[in-house]
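Written below as structure tokens is the structure these notes are about.
The values are calculated or read from the model by the stated rules, or taken from the named source; none is laboratory data. Because the structure is predicted, anything quoted here is derived from the model rather than measured. Cβ placement follows ideal geometry from the backbone for every residue including glycine, while neighbour counts extend to all protein chains displayed. Keep in mind that these areas ignore ligands, DNA and RNA; they rest on the heavy atoms of the full protein, side chains included. Shrake-Rupley method; radii C 1.70, N 1.55, O 1.52, S 1.80 Å.
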Amino acid sequence: MGMTVEIATRIAQAIRDAAAASPDEEVCGLLLGTAERVEALQPARNVAADPRTSFEIDPQALLAAYRAARAGGPAVVGHYHSHPAGPVRPSAADAAASHGDGALWIIANAETTGCWRAVARGPVAGRFVPVALRFVG
């Protein structure tokens, strides 16, 4: 599954900027677009019990995005979150939260952006395959 996903450089930078602006807590949000291209972000509140070490996208934001997609808006193709401390790669907690549903997971910090696809069994944390990001624009 050697997959490449396009993302506008400015969108990837917006994720890193959000991560930089929140050095102590994970930021998160939704990725909108197609399986091959992230076209937009929808930042969301992190409602996790401990946002320093985990993320949970605000359910209201999730519902609103799915409603908008059903009404003809862009599809929700995955989500992003930051790792303020530790490597920019899926963690055991990320694997536990993964549904193996093919969703894109972008994980970032202030300097780096990585991307994975959630699968039932994968080489990264047991639940992910790496996805190459092609920066455009």
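Which of the residues spanning segment 119-137 are free of Cβ contacts under 8 Å to residues at least 40 places away in the same chain, open to solvent by less than 30 Å² (accessible area, probe 1.4 Å) and either under 20 Å from Pro43 (Cα atoms) or part of a loop (DSSP other than H, G, I, E, B) (or both)? The answer is Gly122, and nothing else.
The set of residues from segment 14-51 being open to solvent by 70 Å² or more (accessible area, probe 1.4 Å), at pLDDT 95 or above and not in a strand (DSSP E or B) comprises Asp17, Ala21, Pro23, Asp24, Glu25, Arg45, Ala49.
If the condition is being of a type in the set (D, E, K, R) and either touching a Lys or Arg at 6+ places or on another chain (Cβ under 8 Å) or surrounded by 16 or more Cβ atoms within 10 Å (Cβ to Cβ) (or both), then segment 90-107 contributes only Asp94.
Go through segment 52-66 and give me each residue that's among the aliphatic types (A, V, I, L, M) and either open to solvent by less than 30 Å² (accessible area, probe 1.4 Å) or under 19 Å from Gly114 (Cα atoms) (or both). Don't jump to the end; show me each part of the working.
Restricting attention to segment 52-66, the residues satisfying the condition of being among the aliphatic types (A, V, I, L, M) are 57, 61-65.
Correct list: Ile57, Ala61, Ala65.
Listed by first and then second residue, the pairs with beta-carbon distance under 6 Å, at least 6 apart or on different chains, first residue in segment 7-29 and polar (S, T, N, Q), second surrounded by fewer than 16 Cβ atoms within 10 Å (Cβ to Cβ), are Thr9/Phe135; Thr9/Gly137.
Scanning segment 108-117 for residues that are in contact (Cβ under 8 Å) with a residue 40 or more places away in the chain and open to solvent by less than 40 Å² (accessible area, probe 1.4 Å) gives Ala108, Asn109, Thr113, Cys115, Arg117. Residues being at pLDDT 95 or above and touching a His at 6+ places or on another chain (Cβ under 8 Å) are represented in segment 54-61 by at least one member.
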